[in-house]
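Here's the structure, in structure tokens; my notes come after.
The values are calculated or read from the model by the stated rules, or taken from the named source; none is laboratory data. Small disclaimer: the values here were computed from a predicted structure and weren't measured. Reconstructed Cβ throughout: ideal geometry from the backbone, glycine too, with neighbour counts over all protein chains shown. Ligands, DNA and RNA are stripped out before the accessible areas are found, and what is left, the full protein with its side chains, is counted by its heavy atoms. Shrake-Rupley method; radii C 1.70, N 1.55, O 1.52, S 1.80 Å.
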Amino acid sequence: MICLGMESTAHTFGVGIVDEHAKILANEKHTLTTVEGGLIPREMADHHFRVAPEVLNRALEKAGLSPRELDLIAFSRGPGIGQSLRVGAVAARGLALRHRKPLLGVNHCVAHIEIGRALTGCKNPLMVYFSGANTQILGFESGRYRVYGETLDIGVGNLLDGFGRAMGLGFPAGPKIDEMYFQAKRFVELPYSVKGMDLHFSGLQTAAEGLVGKAEAVDLAYSVMHTAFAMLTEVTERALAHTEKKELLLAGGVAASKALRKMLGEMCGAREVEMFVPPVEVCVDNGAMIAWQGLLEHRAGARQTLAQTVIQPRQRADDVEVTWLPKAPGKRHK
Ligand code: FE2
């Protein structure tokens with residue numbers, strides 16, 4: 001069985017093609033970037049409309065397939081920016097209707113977990129999903145992916161990008177700040193805001209932006225990252241203690257950060273937890289994970305009529321009933 005997946009939740013328009021063994025036959029994408037300034041929803045949608053045909057053709061060419069040879073089309077239905085999501089949904093519907101293929105809308109966050117599990121071989125991980133818009137700690141328990149902790153305002157990637165914009169670094173700023181992290185000499189005290197299992201980043205961003213030009217740039221970049229990642233590591237460690245899971249899976253664009261991997265890696269080492277980092281192409285937003293998620297759900301019997309293939313910009317991972325995994329025998333499923 002071969003599934004084509006379309007991703008368009010935010011800045012990336014991606015098309016991936018996978019087979020029933022999670023072999024990635026193609027994973028093409030085009031991401032909107034800026035030299036300075038941030039991302040505007042309308043511009044993201046315009047970008048996706050512009051690049052969609054070319055990305056789709058590239059993916060089919062790479063896989064050596066014609067649309068007729070596909071068995072299933074899947075697309076990201078949420079969570080994400082409505083205008084961006086709609087482009088992927090329309091493109092996926094058009095392709096499915098034109099070639100009479102079944103169509104499934106799937107959850108983007110759950111897709112990150114499942115492609116990570118498939119490619120790294122971990123079984124029942126706690127997943128830390130840190131991207132621009134999403135910051136969540138998730139794990140499977142009693143039939144669903146539960147959210148153990150999350151941001152109450154902005155995603156950690158938004159924090160880094162917003163701060164980077166104030167520093168004049170453009171989008172995405174995360175990789176540039178990650179390099180500065182290892183050059184710093186001094187830690188600058190910034191607000192550390194953990195509320196139970198949840199996190200706040202906007203106060204940290206405001207404070208850091210107020211110090212741009214007053215503190216050394218590398219010291220400030222290091223301190224923003226170190227403070228945010230220490231907050232993330234703290235709640236992740238607590239979630240590991242609560243769930244007693246022995247695997248940690250990283251996902252989201254921020255998972256590419258060497259600084260984050262170092263901090264989480266040290267914590268995992270101390271707790272005898274194995275850390276799994278999927279290849280960066282599937283940590284960031286991509287179509288292959290959507291294709292794999294569609295395939296898993298279709299195999300478990302999921303079907304959607306055309307009228308049901310609507311976008312759900314606010315759909316959460318814990319809204320999704322996990323039908324493709326055996327139900328956990330008890331609360332502490334390991
Ligand atoms: Fe994502």
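Side notes on the structure shown:
- Of the residues making up the range 186-202, those that are among the small types (G, A, S) and open to solvent by 40 Å² or more (accessible area, probe 1.4 Å) are G196, S202.
- Taking the listed residues L97, L119, the one that is surrounded by fewer than 24 Cβ atoms within 10 Å (Cβ to Cβ), part of a helix (DSSP H, G or I), out of contact with any Pro (no Cβ under 8 Å at 6 or more places or on another chain) and at pLDDT 95 or above is L97, with no other qualifying.
- The set of residues in the range 292-324 that are in contact (Cβ under 8 Å) with a residue 40 or more places away in the chain, part of a loop (DSSP other than H, G, I, E, B) and among the aliphatic types (A, V, I, L, M) comprises A302, V310, I311, V320, V322.
- Filter result (surrounded by fewer than 24 Cβ atoms within 10 Å (Cβ to Cβ) and within 16 Å of the ligand (Cβ to nearest atom)) within the range 122-144: A133
- Listed here are the helices (runs of 4 or more DSSP H) enclosed by the range 195-291 that have at least 2 residues being within 16 Å of the ligand (Cβ to nearest atom): 280-283.
- Screening A228, A221, A208 for residues that are in contact with a Ser or Thr (Cβ under 8 Å, 6 or more places away or on another chain), over 28 Å from T323 (Cα atoms) and open to solvent by less than 20 Å² (accessible area, probe 1.4 Å) leaves exactly one candidate, A208.
- Any pair with Cβ under 9 angstrom, 6 or more apart, that starts in the range 220-244 at a residue that is free of Cβ contacts under 8 Å to residues at least 40 places away in the same chain and ends at one that is acidic (D, E): S223/E189; T227/E189; T233/E266
- Any hit, the range 176-191, residues being assigned to a loop (DSSP other than H, G, I, E, B) and at positive phi: no
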